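The values are calculated or read from the model by the stated rules, or taken from the named source; none is laboratory data. All values derive from a computational prediction rather than experimental measurement. With ideal geometry, Cβ positions are generated from the backbone for all residues, glycine too; neighbour counts draw on all protein chains shown. Ligands, DNA and RNA are excluded from the accessible area calculation, which covers all protein heavy atoms including side chains. Shrake-Rupley method; radii C 1.70, N 1.55, O 1.52, S 1.80 Å.
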Amino acid sequence: MNRWQNRVAVVTGASSGIGAACAKLIVAAGIQVVGLARRTHRMEELKQTLPAEQQTRFHYKQCDVSQECEVSAAFDWIEQTLGGTDILVSNAGILREGNLIDMPLSDIGVVVSTNLMGSIYCLQNALKSMRKRNFPGHLIFINSTAGLPGYNPGPVEPSLNIYTPTKFALNAVNEICRQELITLKTKVKTTNISPGWVSTEIVPDETKAQLGDAILQADDVANAVMYALSTPPHAQVQEITLRAVGEWF
């Protein structure tokens, strides 16, 4: 991890869950972290839980990743204040209840704008910064096993509706990035991390109760992020799939 010392990592959805867990581990590794999320008070609370020495390396900006202008403004601030983006952990994601075949199109649009377009807005801004400085950075996409071919929760489980297609698309985003970065002759890495059920705010309490201990914790995913970052410059962990022991899906 020495090559990342004092570099800048951007973590989206950093106000809770996986994003907050990633921010904690990354900043503890000696890396500057910029958390992006809509709830700044939650990121301030997170900052106050850090040791004093780490608090100086944790920054945050209010940002709704579904809004292109807000994403661009946040990355411009990072460029001007901290010198650029070296690592992106694209984690922000949402889920709405309902069935794809009849749920409100407005809900579908919000999920697509956040889970898919938000990741694309962030990767373009982060990569622009990396290429401008010719820095071999790292793009990490927090995906889901819901985006894997063959995912089938069964007839009695609630539908994940448009969430599943957005995560399926994120697999393609990661692979297209990998291909294009080779064509552009950069040394930027991409990693796609697909966890199963994780005990976060996005998962309903009844689902957590049903899963029992067959569920991941946010730190499990954050540790996978740290593993991908810890690999040497010539080695790329392209895909990581995580499931709790005993998880069926």
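Screening P158 with (1) under 20 Å from the mean Cα position of the chain (by Cα); (2) open to solvent by 30 Å² or more (accessible area, probe 1.4 Å) gives one miss only, at (1).
Got a sec? Which of L181, L170 is out of contact with any helix residue (DSSP H, G or I) (no Cβ under 7 Å at 6 or more places or on another chain), buried (at least 17 other Cβ atoms within 10 Å of the Cβ), under 18 Å from S90 (Cα atoms) and at pLDDT 95 or above?
Values: L170 fails: out of contact with any helix residue (DSSP H, G or I) (no Cβ under 7 Å at 6 or more places or on another chain).
Within the list L181, L170, the selection yields L181.
Is there a residue in region 116-134 that is in a loop (DSSP other than H, G, I, E, B) and aliphatic (A, V, I, L, M)? Taking every residue of region 116-134 in turn, none turns out to be in a loop (DSSP other than H, G, I, E, B) and aliphatic (A, V, I, L, M).
Scanning region 73-93 for residues that are under 14 Å from K61 (Cβ atoms) and hydroxyl-bearing (S, T, Y) yields T81, T85. Total residues in region 102-115 satisfying the condition of being crowded, with 21+ Cβ neighbours inside 10 Å and either over 21 Å from C63 (Cβ atoms) or not β-branched (V, I, T) (or both): the figure is 1. Which residues, taken from region 184-221, are surrounded by 12 or more Cβ atoms within 10 Å (Cβ to Cβ), part of a loop (DSSP other than H, G, I, E, B) and in contact with a Lys or Arg (Cβ under 9 Å, 6 or more places away or on another chain)? Result: T186, V188, G196, W197, S199, A214, I215. Between T81, T85, the distinction of being hydroxyl-bearing (S, T, Y) and part of a helix (DSSP H, G or I) belongs to T81 only. Test A244 against the criterion of being in contact with an Asp or Glu (Cβ under 8 Å, 6 or more places away or on another chain), modelled with pLDDT of 95 or more and assigned to a loop (DSSP other than H, G, I, E, B), and give yes or no. Answer is yes for this residue. Within region 192-214, work out how many residues are closer than 18 Å to G19 by Cα, of a type in the set (A, V, I, L, M) and modelled with pLDDT under 95. Going through region 192-214 one residue at a time, the tally reaches 2.
Here are P136, P104: which of them is in contact with a Lys or Arg (Cβ under 8 Å, 6 or more places away or on another chain) and either farther than 19 Å from V33 by Cα or modelled with pLDDT of 95 or more (or both)?
Numbers: P104 fails: in contact with a Lys or Arg (Cβ under 8 Å, 6 or more places away or on another chain).
It is P136.
The residue that is least open to solvent (accessible area, probe 1.4 Å), counting only those in region 135-151 that are among the hydroxyl-bearing types (S, T, Y) and assigned to a loop (DSSP other than H, G, I, E, B), is S144.
For region 94-101, the criterion of being open to solvent by less than 50 Å² (accessible area, probe 1.4 Å) and in contact with a Ser or Thr (Cβ under 7 Å, 6 or more places away or on another chain) is met by at least one residue.
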